[in-house]
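The values are calculated or read from the model by the stated rules, or taken from the named source; none is laboratory data. Predicted model, so just to flag it, every value in this text is computed and none were measured. Cβ placement follows ideal geometry from the backbone for every residue including glycine, while neighbour counts extend to all protein chains displayed. Only protein heavy atoms, including side chains, enter the accessible area calculation; ligands, DNA and RNA are left aside. Shrake-Rupley method; radii C 1.70, N 1.55, O 1.52, S 1.80 Å.
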Amino acid sequence: MLNDLPYLMGNGGDTMQVGVNGKRNYNEGGTFAFWAGGPVWYTILGMDQLDNLAENGFAGAPGTYARSTKVYGYGGYPNGRSIPQVYEVMEKAIEKGFVFKADTLEELAEKIGVPVDVFVNEVARYKGFCESGVDEDFGKSKRQLVDKIKYGPYYAIKFLPTPYSTIAALDVDTNINVLKADGTVMKGLYACGNDSGGVLYTEKDAYAQYGGVALGWAFTSGRLAGINAVNYLKNE
Ligand SMILES: Cc1cc2nc3c(=O)[nH]c(=O)nc-3n(C[C@H](O)[C@H](O)[C@H](O)COP(=O)(O)OP(=O)(O)OC[C@H]3O[C@@H](n4cnc5c(N)ncnc54)[C@H](O)[C@@H]3O)c2cc1C
């Protein structure tokens with residue numbers, strides 16, 4: 001419960017998230033773009049968020065829970081229950097090294113190792129989007145453009161995007177037969193699922209903004225590969 005707080009505070013689509021370049025890199029309200037900021041991202045919050053949680057808790061009807069909004073659904077905290085322990089939780093998280101706190105945005109940028117000017121401008125830009133209700137950079141919905149950086153001290157919560165799988169580069173034809181570099185079939189060898197997942201994607205773009213593509217490929221290509229492998233053996 002209490003140990004879920006940094007995650008719950010930082011993972012919502014209504015937060016501002018910056019990558020290692022000190023800038024936003026995607027619509028935080030989207031589904032699968034959070035790899036785009038680099039190996040880690042930082043969610044930026046003001047003390048106003050802690051004060052609000054301490055007094056009011058997470059927004060939502062009693063009996064419901066604050067939970068992850070991004071892919072994973074673990075953890076949770078009862079809505080509508082004040083959380084005076086939030087300050088202590090965040091101090092512990094600072095001690096553990098995944099939350100950073102500073103009196104100014106400049107100092108926070110230094111602590112998380114991003115370019116100070118870029119970061120400070122980006123926060124100002126994002127706050128402007130929250131005020132106007134229009135995200136000129138990534139088109140986040142007005143509902144999720146919430147200014148959660150109202151006053152200091154300021155916090156940065158460090159997150160690590162999790163890869164679901166590694167996608168290998170084996171090329172296959174429509175029979176799921178592995179292809180040689182020259183494009184001809186390597187007889188009797190089939191590669192389904194992630195091992196040939198690269199045929200679906202380009203490394204230049206994000207994963208589809210909906211779930212099921214990887215499993216869909218695993219099931220479909222696996223079935224076809226199985227049928228074709230058996231037929232190949234029968235006919236050899
Ligand atoms: C947390 C999580 C959530 C996901 N959610 C989704 C989702 O919502 N929708 C979606 O489409 N996809 C999702 N995926 C991705 C999807 O699960 C994978 O793309 C899919 O399972 C890949 O199937 P596969 O058969 O290619 O590989 P795997 O399922 O990884 O199967 C490979 C198998 O090979 C075995 N193996 C490895 N090495 C050897 C060896 N040397 N000898 C013998 N056996 C070996 C492994 O033990 C394993 O059983 C998710 C993945 C994760 C981790």
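Some observations on this one:
- Some residue of region 148-159 being at pLDDT below 95, in a loop (DSSP other than H, G, I, E, B), under 28 Å from F32 (Cβ atoms) and touching a Gly at 6+ places or on another chain (Cβ under 7 Å): no
- Unique match (being out of contact with any strand residue (DSSP E or B) (no Cβ under 6 Å at 6 or more places or on another chain), in a loop (DSSP other than H, G, I, E, B) and in the same structural domain as N11 (by TED's automatic domain parsing)) among N27, N52, N121: N27
- In region 206-225, the residues that are away from the ligand (no atom under 12 Å from the Cβ) and either at pLDDT 95 or above or over 15 Å from T166 (Cα atoms) (or both): Q209, L224
- Remark: pairs (first residue in region 165-177, not assigned by TED's automatic domain parsing to the domain that holds Y190 and open to solvent by 50 Å² or more (accessible area, probe 1.4 Å); second residue among the hydroxyl-bearing types (S, T, Y) and assigned to a loop (DSSP other than H, G, I, E, B); Cβ separation under 9 Å; 6+ apart in sequence or on different chains) = I167/Y201.
- Any chance I83 is assigned by TED's automatic domain parsing to the domain that holds G139, without any contact (Cβ under 8 Å) to a residue 60 or more places away in the chain and either of a type in the set (A, V, I, L, M, F, W, C) or closer than 23 Å to Q144 by Cβ (or both): no
- Failed condition for V199, given (1) within 16 Å of the ligand (Cβ to nearest atom); (2) surrounded by fewer than 10 Cβ atoms within 10 Å (Cβ to Cβ): (2)
- Residue that is least open to solvent (accessible area, probe 1.4 Å), among those in region 183-196 that are part of a loop (DSSP other than H, G, I, E, B) and within 13 Å of the ligand (Cβ to nearest atom): A191
- Evaluation of E55 against the conditions (1) under 30 Å from Y201 (Cα atoms); (2) more than 16 Å from the ligand (Cβ to nearest atom) shows that the sole unmet condition is (1).
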